[in-house]
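Engineer: Can you keep this structure in mind? I'll have questions shortly.
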Amino acid sequence: MTRNILVAVDDSDAAEHVLTWVLDNIYREGDEIHLLHVIPIPMPEVVSGGYGAMDSIVTVEPDPKVDLKHIADAKDMMKKRFVTKVVSKNIPYQVEIVHFLTDADSIGEAICKRAQTLDAGAVCMAKHNRGRVSEFFLGSTTKYCTTNCQSPLIVLH
């Protein structure tokens, strides 16, 4: 029976460690690894000139070239840090780079939604230790996933 294993990754050594651990401990013949990376949605910027007068507020649309660069950088990072590991072991995989808001809850939501769509046998991710104050104000992707993910969740520290 084929299992879909979702590995949430970012450009960190911790995420690389998670993938290595998954390949050594969770993966079995016939499984497919899904490498999920979230990049920011291109958003318009609001720019104010002068002294904050409402008539001097201008909305600047996102530059498509910047978004294409984000995508190219993400593909390059995924290839260098993660794809080489699964290819070297001849393991079936999918690279999934998605646009989503990039606050902790939104990234967690993207992970949980993708896991549900895949009917993932497991979701694997790294816990990033940002400190209690930072986590209090910014939230935690891991915390969101532990509360909301319907698939089995494996968090490595």
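Engineer: Is it the case that Val46 is part of a strand (DSSP E or B), open to solvent by less than 40 Å² (accessible area, probe 1.4 Å) and modelled with pLDDT under 95?
Structural biologist: no
Engineer: Next up: Hey, could you check segment 126-145 for residues that are among the polar types (S, T, N, Q) and surrounded by 14 or more Cβ atoms within 10 Å (Cβ to Cβ) and say which is modelled with the lowest pLDDT?
Structural biologist: So, considering only residues that are among the polar types (S, T, N, Q) and surrounded by 14 or more Cβ atoms within 10 Å (Cβ to Cβ), the one modelled with the lowest pLDDT is Ser140.
Engineer: Restricting to segment 72-112, and then to whatever is over 20 Å from Val18 (Cα atoms) and either free of Cβ contacts under 8 Å to residues at least 12 places away in the same chain or hydroxyl-bearing (Ser, Thr, Tyr) (or both), can you tell me which residue is least open to solvent (accessible area, probe 1.4 Å)?
Structural biologist: So the residue we want is Ser106.
Engineer: Let me ask something else about it. Quick one: which residue in Val87, Val83, Val95, Val123 is outside any helix (DSSP H, G or I), among the β-branched types (Val, Ile, Thr), in contact with a Phe, Trp or Tyr (Cβ under 9 Å, 6 or more places away or on another chain) and at pLDDT 95 or above?
Structural biologist: Only one candidate qualifies: Val95.
Engineer: Here is a check on your reading of the model: is Ala110 within 16 Å of the chain's Cα centre (by Cα), modelled with pLDDT of 85 or more and in a loop (DSSP other than H, G, I, E, B)?
Structural biologist: Working: within 16 Å of the chain's Cα centre (by Cα): yes; modelled with pLDDT of 85 or more: yes; in a loop (DSSP other than H, G, I, E, B): no.
So Ala110 fails the test.
Engineer: Considering (1) open to solvent by 70 Å² or more (accessible area, probe 1.4 Å); (2) farther than 23 Å from Thr141 by Cβ; (3) touching a strand residue (DSSP E or B) at 6+ places or on another chain (Cβ under 7 Å); (4) at pLDDT 75 or above, say which one Asp24 fails and leave the rest.
Structural biologist: (3)
The values are calculated or read from the model by the stated rules, or taken from the named source; none is laboratory data. The model shown is predicted, which means the values in this text are computed figures rather than measured ones. All Cβ positions, even for glycine, are placed from backbone atoms using ideal geometry, and neighbour counts span all protein chains on display. Ligands, DNA and RNA are excluded from the accessible area calculation, which covers all protein heavy atoms including side chains. Shrake-Rupley method; radii C 1.70, N 1.55, O 1.52, S 1.80 Å.
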